[in-house]
Amino acid sequence: MPSIARSLLCLLIAFAALPAFAHSTEHMGGGFVAGFMHPLLGPDHVVAMVAVGLWGAFLGAPALWVLPVVFPLVMAMGGVLGVLGVPLPGVEVGIALSAVLLGGMVAFAVRPPLWVAGLLVAVFAVFHGHAHGTELPHESSPLVYSLGFVVATGMLHLAGIGFGALVRSPAGRVAVRAVGGAISVIGLFFLQGAM
């Protein structure tokens, strides 16, 4: 396994050992910074959002840009549901499953039609958005907070795309699939904790 893949795998495994901190931005007050930090402080969110970028890169154009655009747009809609207090059962399970399945798509080189990939990403985006929306600090502007978590999400997608660009070489393809597998395994740990 290439050293970069080994390093990333170690980092992903370290995330699995941490509890989900995605809901601990209260001390940051409100606004853009709290929204921006929300997804970054939750390893369950981080691995799933990186997986979206990885899968997009693995599938190539147009999925390369469609999946990372669909996710934050639909996530923002899920965030609105959370802000409005609309109940959504199984949010933590949905978030954990997003890591399991999206990582698995990369690991097993699954290439569905674009609309299927987009639908799968959109469904999981609702769960991530709802979690962000329900944790909106009381003093926050929902719009500014949402802008923060959408920007952070986009950056995590770009990180996945950046690593996913390694698929152009045979060794890079193996590394990307290995990271997808690691994300899926980490998602199983999150799923166990969510049930």
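The values are calculated or read from the model by the stated rules, or taken from the named source; none is laboratory data. Every value quoted in this text rests on a predicted model; they were computed, and no experiment measured them. Backbone-built Cβ (ideal geometry, glycine too); neighbour counts: all protein chains shown. Only protein heavy atoms, including side chains, enter the accessible area calculation; ligands, DNA and RNA are left aside. Shrake-Rupley method; radii C 1.70, N 1.55, O 1.52, S 1.80 Å.
Of note:
- Alpha-carbon geometry of segment 91-165: the Rg and the Dmax are 14.1, 44 Å, given in that order.
- Working note: Karplus 6.51/-1.76/1.60 with θ = phi - 60° gives segment 159-164 the couplings 4, x, 5, x, 5, x Hz, where Gly and Pro are set to x.
- Average accessible surface for segment 104-195: 47 Å² per residue, computed with a 1.4 Å probe over protein heavy atoms with every protein chain in place.
- Sorted from longest to shortest, the spans of the Cα atoms of segment 30-194 along the three principal axes equal 50, 29, 27 Å.
- Annotation: amide H of S141 within the under-5 Å range of G31, sequence separation 5 or more or interchain, hydrogens built in the peptide plane.
- Relative contact order, whole percent, for segment 47-195 stands at 43, derived from Cα pairs under 8 Å and 6 or more residues apart.
- ³J(HN,Hα), Karplus 6.51/-1.76/1.60, whole Hz, each residue of segment 95-104, x for Gly, Pro: 5, 5, 4, 4, 5, 4, 6, 5, x, x
- Separation in nanometres of the label points that stand 7 Å from Cα toward Cβ, at R173 and L158: 2.8
- Qualifying GluC sites (Glu not before Pro) in segment 71-148, DSSP loop, other Cβ atoms within 10 Å at most 16: E139
- The 3J(HN,Hα) values that the Karplus relation (6.51, -1.76, 1.60; θ = phi - 60°) gives for segment 62-79 are, in residue order, x, 4, 3, 10, 5, 4, x, 8, 4, 4, x, 5, 6, 4, 4, 5, x, x Hz. Gly and Pro appear as x.
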